[in-house]
1. Arrange the residues CYS22, CYS36, CYS50 by how much accessible surface each exposes, largest first, with a 1.4 angstrom probe.
2. Lysines within cross-link reach of LYS51: Cα-Cα under 26 Å, excluding same-chain residues under 8 positions apart?
3. Please name which of VAL39, GLY25, LEU4 has its Cα lying farthest along the dipole of segment 4-68 towards the positive end, using unit charges on Cβ (Lys, Arg +1; Asp, Glu -1) and the Cα centre as origin.
4. With +1 assigned to the C-beta of every Lys and Arg and -1 to the C-beta of every Asp and Glu, and no other charges, what is the dipole magnitude of the chain about the Cα centre in debye, to the nearest 20?
5. Once ligands and nucleic acids are excluded and a 1.4 Å probe is used, how much of ILE52 is accessible, expressed in Å² to the nearest 10?
6. Could you pull out every residue, at least 5 positions away or on a different chain, whose amide H is within less than 5 Å of the one on ILE18? Hs are placed 1.01 Å off N in the peptide plane, and Pro or chain starts have none.
7. If we sort 63-69, 14-20 on the protection proxy, mean other Cβ atoms within 10 Å, highest first, what's the order?
8. At a threshold of 8 angstrom on Cα-Cα distance, excluding pairs fewer than six apart, so keeping six or more, what relative contact order does segment 4-68 reach in percent?
Amino acid sequence: MVTLKGLTKIDILHGTTICKLCGEGEEDSNHLFISCYVVSVVWHKVSLWCKIPQLYVFSIKELLEVHKSLMVHKL
Ligand SMILES: [Zn+2]
């Protein structure tokens, strides 16, 4: 798996790998889609906008499959 930390180590990326949205976690795909505080606020607002229960997922795989558990009706 390619990570930002790995790309930085082999001199592909330069600078910090700390999340630029929250300044706390390492900026990897799991952080950017799941565990970042700023992103959790965005997901909450998306849930409100779509009128679905708030999303609680712990992996990108769960995020990609969450639509299967929602009772969404076509208009
Ligand atoms: Zn973050």
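1. CYS50, CYS22, CYS36
2. LYS61, LYS68, LYS74
3. VAL39
4. Rounded to the nearest 20 debye, it is 360 debye.
5. Probe radius 1.4 Å; accessible area of ILE52 about 40 Å².
6. Hits under the 5 Å cutoff: GLU27.
7. Output ranking for 63-69, 14-20: 14-20, 63-69.
8. 19 percent
The values are calculated or read from the model by the stated rules, or taken from the named source; none is laboratory data. In this text, all values refer to a predicted model and were calculated from it rather than measured experimentally. Here the Cβ is made from the backbone with ideal geometry for all residues, glycine too, and neighbour counts use every protein chain on show. With ligands, DNA and RNA removed, areas are computed over all heavy atoms of the protein, side chains included. Shrake-Rupley method; radii C 1.70, N 1.55, O 1.52, S 1.80 Å.
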